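The values are calculated or read from the model by the stated rules, or taken from the named source; none is laboratory data. Keep in mind the model is a prediction, meaning the values are calculated, not measured. FYI the Cβ positions are ideal-geometry reconstructions off the backbone, even for glycines, and counts take in every protein chain you see. Quick note on the areas: whole protein, heavy atoms, side chains included, nothing else; ligands and nucleic acids left out. Shrake-Rupley method; radii C 1.70, N 1.55, O 1.52, S 1.80 Å.
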Amino acid sequence: MLVNTTYAALGPDFLTGRAGALENAHQMLRRGDGPGGEFTGWVDLPETYDREEFSRIQAAARRIREKSQALVVIGIGGSYLGARAAIELLGADSAAPRICFAGNGLSTDALLELLESLEGQDFSVNVISKSGTTTEPAVTFRIFKKLLEERYGREGARQRIYATTDKARGALKSMADKEGYECFVVPDEIGGRYSVLTAVGLLPIAAAGISIEDLMAGAAAERERLLVPGSDNAAWQYAAARNALYESGKRVELLACYEPSFRFFAEWWKQLYGESEGKGHRGLFPASVEFTADLHSMGQYIQDGERILLETVVRFEQPRGQLYIPEDPEDLDGLNFLAGKSLAFVAEQAINGTRLAHVDGGVPNLVLTLPRRDARSVGEMIYFFEFACGLSGYLLGVNPFDQPGVEAYKQNMFALLGKPGSEARREELLKRI
Ligand code: PA5
């Protein structure tokens, strides 16, 4: 990953002034002895991942592709967004089953529509939950398990269900062992939002026909680069810049990309940074925009609203092909001055013009550049954002690997659902509704 901080309106010492703190954060990530250090297994994962399990993932993906017109991936948050991010950004190949995502909400309508779309189609299920007890995927899996058993019998269903969960604990692991589902592991030392390069992301990504070897090779190459501390380190540059901008009063980081397929990668990034940094009433709020589309909707606010924004633009240097603007003899739209120019050339001018306009309007820009939209670059980008997130959290003074705040809604929901043991809370909540 290349990081350009030229347009971020930063002082000359934004990085050198933080070098000591960055070095400290860097070493805590490497040694795993900082806050939440027990969840830094992702740091060495691109080198140390379980090759035997990796081969099993590839074999399972082949079976899914042979037997199914659709793969239903059931999971939420860190057990969902990474796979969807990579699949939407890279695109499934033409022989892939339709990859559908379920269990990432509680919408009856969405689930009914998915079930309807699966009528008459052979499908498999990959249920993903580290804890094995998360409500949304658990209730969704009940529905799909019943459907598969009705359609294929218990043995047929067993051959179509793949469980990705804790290696030893939890309700999903117990059920998978009892039913004989093929299991893949979410390692203890890797939290949900850092787990895309484990079986959590790799099985759906491989089923989509994307090279998970290239993905891991990209992550391993980025790891080699980022493990070298110092001011040339791209993760240091990004972490230092966003920390300096936060301290200067910026409160929202907009992740922008000119590729519509980037939308779910931005969702993954939002969870990574929001859940890692949003603690103790601190942290940049991560938001995302899709350019140029959102320049025609959010553009006004970005240019001229509250000056609390910084913008991080992800760029892929080379498009996958070229399109040229044709000459029009009538030239009714007056655009013949563009005839013969590539669409990529037009996009380039939009990108440069937007950056300068936003910088002039008081929105500092960070530019992150990757060569192209392929599996290797995506592996690099995933590792880059994870490593930079760990550094950023430590610079901010928070534990980047826990998420105590997400429990509050769950406790209320369980109490309102009448979970045994939460009667007092239920009474108290009912009085307030
Ligand atoms: O990052 C996290 O910890 C969360 O997003 C979890 O991944 C999410 O809540 C799903 O949890 P689980 O995999 O235990 O079902």
Taking only protein heavy atoms into account and a 1.4 Å probe, give the accessible area per residue of segment 264-356 in Å². 57
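Between Arg98 and Asp328, what is the FRET efficiency for a Förster distance of 60 Å, r being their Cβ-Cβ separation, to the nearest 0.05?
Calculated transfer efficiency: 0.95.
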Going through Lys146/Lys173; Lys270/Lys341; Lys130/Lys250 one by one, the pairs whose alpha carbons sit over 29 Å apart turn out to be Lys270/Lys341; Lys130/Lys250
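Ignoring ligands, DNA and RNA, what percent of the accessible area of the chain is carbon or sulfur (1.4 Å)? List each step's numbers first, then the result.
Numbers: 10210 of 19500 Å².
The C+S portion of the solvent-accessible surface of the chain is 52 percent.
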Inter-label distance, nm, simple model (7 Å from Cα along the C-beta direction), Tyr152/Phe337: 6.0
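Work out how much length Glu66 to Asn412 would gain on full extension: take 0.36 nm times their residue separation and subtract the Cα-Cα distance, in nm to one decimal. Each step should come with its number before you reach the end.
Numbers: separation 346, 0.36 × 346 = 124.56 nm, distance 4.32 nm.
Here the answer is 120.2 nm.
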Principal axes of segment 185-267: Cα extent on each, largest first, Å: 44, 32, 27
Dipole of segment 235-358 (Lys/Arg Cβ +1, Asp/Glu Cβ -1, origin at the Cα centre): which of Cys257, Leu309, Ser297 lies farthest to the positive side? Leu309
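Using a 1.4 angstrom probe on the protein heavy atoms only, line up Glu259, Glu427 by accessible area, largest first.
Numbers: Glu259 60, Glu427 100 Å².
The most accessible residue leads, giving Glu427, Glu259.
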Using the Karplus curve 6.51 cos²θ - 1.76 cosθ + 1.60 with θ = phi - 60°, work out ³J(HN,Hα) for each residue of segment 360-369 in order, rounded to whole Hz, and write x for Gly and Pro. 4, x, x, 10, x, 10, 10, 10, 10, 10
Taking a label point 7 Å from the Cα of Thr6 along Cα-to-Cβ, the residues of segment 230-262 whose backbone nitrogen sits under 17 Å from it are 238
Mind checking which of Glu275, Glu179, Glu52 has the largest fluctuation in a GNM of the chain, springs on alpha carbons under 10 Å? Glu52
So for the chain: antiparallel DSSP bridges make up what percent, rounded to the nearest 5? 10
Calculate, in nm to one decimal, what Gln121 and Ser107 gain on full extension: separation in residues at 0.36 nm each, minus their alpha carbon distance. 2.8 nm
Using alpha carbon centroids, what distance separates segment 7-33 and segment 170-242, in Å? 24
How far apart, in nm, are the 7 Å Cα→Cβ label points at Ala347 and Asp360? 2.4
Phi-derived 3J(HN,Hα) across segment 116-128 with the Karplus relation (6.51, -1.76, 1.60, θ = phi - 60°), rounded Hz, x for Gly and Pro, is 5, 5, 8, 4, x, 10, 6, 9, 10, 10, 10, 9, 10
Hey, in the GNM for the chain with a 10 angstrom Cα cutoff, which one of Pro326, Pro420, Pro286 fluctuates hardest? Pro420
